[in-house]
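Report on the following structure.
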Amino acid sequence: MGRTRADRPGQNGDHENAMPLSEDEQRILREIEANLSVTDPKLVQQVSDTTLYRHASRMIKWAAIGFVLGLVLLLTTFTSVLALGVVGFLIMLFCLLVIERNVRKMGRAGLESLTGSMPGGALKGVFGDAGQRWRERFQRDDDTP
């Protein structure tokens, strides 16, 4: 039987069971880092500057552009060439899946930090209290049949 992600060492966020590197392994790792810094300083700079939030937000931006292009392709070609309309729909679907995956990676804190620079604050500044209004609108009493 295969091991789940939580069973793998170092995957569940619990570092108590993680085995530390030996002195020899730490020395080898430092040598590799030093050699990499000397041979490819641009890569070292790029890796140190790139965070999960920056990468995910960049992917979301490109996927949003792709979604709009897929929508344009769908609307302009659906009535004349059905196959291109379907391709546009598939592009939109793929882009939405990329957006969803990266938003999940970022989590709520990452999304709020990304949208915190917007004039209204976070996404709440854009949508107001629409979510609360919808919850109140569809909330019903349990006594009502």
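The values are calculated or read from the model by the stated rules, or taken from the named source; none is laboratory data. Remember, predicted model here, so these are calculated numbers, not experimental data. As a convention, Cβ positions derive from the backbone with ideal geometry for all residues, glycine included, and neighbour counts pool all protein chains shown.
Taking the range 63-75 as the range and being loosely packed, with under 15 Cβ neighbours inside 10 Å, in contact (Cβ under 8 Å) with a residue 12 or more places away in the chain and within 12 Å of Cys95 (Cβ to Cβ) as the test, the residues that pass are Ala64, Leu69. Among the residues in the range 12-26, are any at pLDDT 85 or above and of a type in the set (A, V, I, L, M)? For the range 12-26, residues at pLDDT 85 or above and of a type in the set (A, V, I, L, M): absent.
Do we find that Val72 is at pLDDT 90 or above, assigned to a helix (DSSP H, G or I) and not polar (S, T, N, Q) in this structure? Talk me through it step by step, then tell me what you get.
Working: at pLDDT 90 or above: yes; assigned to a helix (DSSP H, G or I): yes; not polar (S, T, N, Q): yes.
So Val72 fits the description; yes.
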